[in-house]
1. In the range 59-75, is there at least one residue being at pLDDT 75 or above, in contact with a strand residue (DSSP E or B) (Cβ under 9 Å, 6 or more places away or on another chain), β-branched (V, I, T) and outside any strand (DSSP E or B)?
2. What are the residues in the range 9-50 that are within 15 Å of H71 (Cα to Cα) and among the acidic types (D, E), if any?
3. Write out, first by first residue and then by second, each pair whose Cβ atoms fall under 9 Å of each other, whose residues are 6+ apart or on separate chains, and whose first residue, in the range 40-69, is in contact (Cβ under 8 Å) with a residue 40 or more places away in the chain while the second is aliphatic (A, V, I, L, M) and part of a helix (DSSP H, G or I).
4. What is the residue count in the range 35-58 for residues that are surrounded by 14 or more Cβ atoms within 10 Å (Cβ to Cβ) and either at pLDDT 85 or above or in a strand (DSSP E or B) (or both)?
Amino acid sequence: MEKNQEYVKIPNFLDRIRNEWPGMIDRFEFKTPTVIYVHLKEGISSMDFLGRLSKKVERMIDFSIPIILYHVERDGLSIRSHPINWYSTIEN
């Protein structure tokens, strides 16, 4: 039961990311419950997003399930995925 409650926290985490960077994210796509594609708006590079994300995202985590975020950038011609590190709290 506790594990299910942890999975509910992941969409809330993604909402916090979207609210922090409203002009960067087009949508989220769940490939599995813990593998998520972050579709960036056209013209936003993964490096732009990562530069801002990496400094603040750890403070937004309130779950212990590890997840992987893939950033998908669009330039009008192609789609590229960039695997991002696991984000999770460390339990002792």
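The values are calculated or read from the model by the stated rules, or taken from the named source; none is laboratory data. Computed from a prediction, not measured in an experiment: that's the story for all the values here. Because the Cβ atoms are built from the backbone with ideal geometry, glycine has one as well, and the counts that use them run over all protein chains shown.
1. Yes, some residue in the range 59-75 is at pLDDT 75 or above, in contact with a strand residue (DSSP E or B) (Cβ under 9 Å, 6 or more places away or on another chain), β-branched (V, I, T) and outside any strand (DSSP E or B).
2. Matches in the range 9-50: D26, E29, E42, D48.
3. Matching pairs, first to second residue: V57/I17; M60/I17; F63/V8; F63/I10; I65/I10; I67/I10.
4. The qualifying residues number 6.
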